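Nothing in this text is a laboratory measurement; each read-out follows from the coordinates by a stated rule. Just so it is clear, the model here is predicted, and its values are computed rather than measured. Cβ: placed from backbone, ideal geometry, glycine included. Neighbour counts: every protein chain shown.
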Amino acid sequence: MHHAVRVGLGLTALAAATGTLAQSANQNQTTNLQGVAVSAAVDDPNLAPPGTAAALAPSQGSLFEVEPQSVLSRGYIKTIATPKADYLALLELTPSAVNASPNGAGLSSKSATVRGFQDGEYDVTFDGIPFGDPGAFGHATTAFFPGPSLGKVVVDRGPGTASNVGNATFGGTVALYSAPTTDKPSGEVSTMYGSGATWQVAGEGNTGTMNKIGTQASVNYSHLESDGLIDNAGFRQDNALFKVKQPLGDRTTLTLVADYNKVKWNTFTAQPKKRTDRFGLEFGGLNRDPESQGFFDYNIDDRHADFEYLQLHGDYNGWRFDDKFYTYGLRDSGPGGVDLLGNTPNKALLPAGGVPGAINHSRYRAVGNMLAGEKDVGSGWLDSTLRAGIWAERTYQVQDQVTVDLSTMTPRVLAGTPNADIIDTNQHTSTTQSYLEVEWRPLENLSIVPGVKQIVFDRTLDGVSNFLPVGGAGHFATTLATLAANYRIAPGLAVYGQYAEGYQAPKVNILQGNGGHVDPQQTKNYQAGIVWKTPTTVADLDVYYIDFANLVTSIEEPIGPGGSLVSVFANQGGVIYKGVEGEYTHILGESGFSFTANGSVNTAYSKTTHRQISNAPESTADVGFIYDRGPLYGSFLVKYVGTRFTGVGETGAENYNPNTKLPTYNYANFNIGYRFTPDLRLQLSTNNLFDHRAPIQGNGAASNPTYYYLAARNYTAQLTYTF
């Protein structure tokens, strides 16, 4: 009994580093707490009994967690979220999360924030492996793992324990998981059509156990095309994911996973109000005039991404080992007009004629290895699990950008620039993170997890950026401490608390010389919460306080070619993040209806100015109903986003800028589905049901600011067959 509890929490903690050290054990371990059957499997919404609150809730916490988290199940991905969602569109209905999708969900996610932490300030992992742009630590959202390829998403709003590795753990982790292979053959195919001439075909198949040696394999594929909800902002994506799981004897398993993604779209941009007043809120600077910088065929982003890993898991002499060797990469290329805001005539940059623009090429490749091990030691009040591991990754990134005449796609020197080479850089990074932690269980239902993590990060850069030579090297190292505890008061009731230190080395932009010396970002995180689960109710509540030092911020300044805006980076100083977050889902008797709600009250104030920083909403909420009874199912959910500031953040009387303040907004999503048979269903979905068109993102410029707007009401219809 005691050992089974240990496995439940141990898997949850270690999964952050290894992505299920013993996934099969997690699905089968069961124990009795105070005479009631409880298991890690029951706590997982993908394995919860149908019709229970855990199976129906859009998002929920875990009884074994040591920090606030929201678990998004496969059911949520398939029956509540829009079928074409990317992972940022999936998490936008969780507490403290905000995502902007002006071109429609899955077609244009822009700068999602969690508690005010922006992309690049939180980690994204796939099956436990951190990934992202090695220069800015951000993520090419549409180029990796669309919604149909995912089995589960976990939004961890905290640094995790010492075993949680990555370049931006202080802001939390968005953990993406592939669906597991199955013992029996199974599959699913679907087709979808919707607003903006959007269509998608998707399918997945599992071979089941194919032979005497236990081989299992699966494949997932999706194809998505759309004209977009922004004018002329077309989108096309193909994604294929393969998984093979091979037992090697009784104690070892080898798993191979490979994902390939190709996406191409027309790159639009936020527009000033005077242009949207003229052309409409669907205008993103693109048109069909080949003499214009905004010609849609002159503004293209073409991306090819891949992600592969080989995992070896074993259990030898009491040690459980997990090793993942992986690589991922992204090739990104395409042309773009110099000015999609319409302020710079062609002849101002190409007096002899032509259409001024630039062609960008970039690519990066990461190669790494994650080795983790754990062993149970002691007994009685000394009962513990030792964990140790190391993550090492090497990356390179190459970028070049050349000014051209877009009408001929040939290099041209623009007026006011010294040559055609805007950017030509090479950078390399080296990351090593090692950790040691102990999960100590002095009482049967109490787990205390102290740990320590050592971080070493090196970066080199050389080349040309904005026509100027750049180069340099940075070496950063630190040791971080964590302490977390989880106490399971009763079978369905747990409390937890956490202290953790966070750290992030400066991004590559800092070495380019635009902002002088910038110190690493550092945090001290304090969090506590409670999770409650019964067959009819799931709920959780947490509070957090984050003391942030050396927050790096950027201001757009006109120092680029032709006076174009370039981000200049500097330390904003200390910031205090604090707030309260909660989730609740309750089944309303035998009606088939469930009530669900989540929300947050958040502050992120500068220690210097005592004002709210940029891109940190003061509150979020999501409330509505879920219905599931017999063949009919559906949901009605309303998302609310409170006041937030953009640009330089909240301004005072001495430099008041009303354009930095963005208004509150809300949108409603409505889904209704019908199961003709257990294997065949039709689902109709409406996003932004009441067609609210509020500005959701802006640059906060003091004059002539630009904005993105909430996408117009849009529909999808999806037919799905499961076999």
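Figures for the structure shown
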quantity: FRET efficiency, residue 333 to residue 653 (Cβ-Cβ, R0 41 Å, nearest 0.05); calculated: 0.30
quantity: Unsatisfied cross-links (Cα-Cα over 22 Å) in the set 152/212; 607/661; 274/661; 110/262; 212/243; 262/324; calculated: 152/212; 262/324
quantity: Full-stretch length increase - residue 454, residue 691 - with 0.36 nm per residue and alpha-carbon distance subtracted; calculated: 80.4 nm
quantity: For the chain, size of Cβ-based charge dipole, Lys and Arg +1, Asp and Glu -1, in debye; calculated: 580 debye
quantity: Computed lengthening from residue 379 to residue 475, 0.36 nm per intervening residue step minus Cα-Cα distance; calculated: 30.3 nm
quantity: Over the chain, relative contact order from alpha-carbon pairs under 8 Å, at least 6 apart, %; calculated: 12 percent
quantity: Against the rule of thumb 2.2 N^0.38 Å, how large the Cα Rg of the stretch 423-538 comes out; calculated: 1.59
quantity: Cα-based equivalent ellipsoid of the stretch 95-181: semi-axis lengths in Å, sorted from largest, via gyration tensor; calculated: 19, 17, 12
quantity: Estimated FRET transfer efficiency (residue 590, residue 136; beta-carbon r; R0 51 Å; 0.05); calculated: 0.50
quantity: Footprinting exposure proxy for 199, 440 (fewest neighbouring C-beta atoms within 10 Å first); calculated: 199, 440
quantity: Separation of alpha-carbon centers, the stretch 295-368 and the stretch 660-723, rounded to whole Å; calculated: 26 Å
quantity: On Cα atoms only, tilt of 2-18 relative to the major axis of the chain in degrees; calculated: 20 degrees
quantity: Under 14 Å, Cβ to Cβ, from residue 643 - net charge with Lys/Arg +1 and Asp/Glu -1; calculated: +1
quantity: Ranked 691, 332, criterion: other C-beta atoms within 10 Å, fewest first; calculated: 691, 332
quantity: log₁₀ of I(q)/I(0) at q = 0.06 Å⁻¹ - the chain, Debye sum with one point per alpha carbon; calculated: -0.34
quantity: Label-to-label distance, nm, for residues given as residue 578 and residue 348 (7 Å Cα→Cβ offset); calculated: 4.8 nm
quantity: Extension gain (nm, one decimal) between residue 430 and residue 302, 0.36 nm per residue minus Cα-Cα; calculated: 43.3 nm
quantity: Cβ-based exposure ranking for 448, 77, 489, in which fewest neighbours within 10 Å come first; calculated: 489, 448, 77
quantity: Hydrodynamic radius (Kirkwood) for the stretch 138-254, which is based on Cα pairs only, to one decimal in Å; calculated: 17.0 Å
quantity: Nearest-0.05 FRET efficiency for residue 219 and residue 467, computed from C-beta distance (R0 51 Å); calculated: 0.60
quantity: Estimated 222 nm signal from helices in the chain, with DSSP H stretches of n ≥ 4 weighted -39500 (n - 2.57), rounded to 500; calculated: -1500 deg cm²/dmol
quantity: Dipole of the stretch 361-456 [Lys/Arg +1, Asp/Glu -1 at C-beta], most positive-end residue of 407, 378, 429; calculated: 407
quantity: Charge tally in the Cβ shell below 9 Å around residue 106, where Lys, Arg are +1 and Asp, Glu are -1, residue 106 excluded; calculated: 0
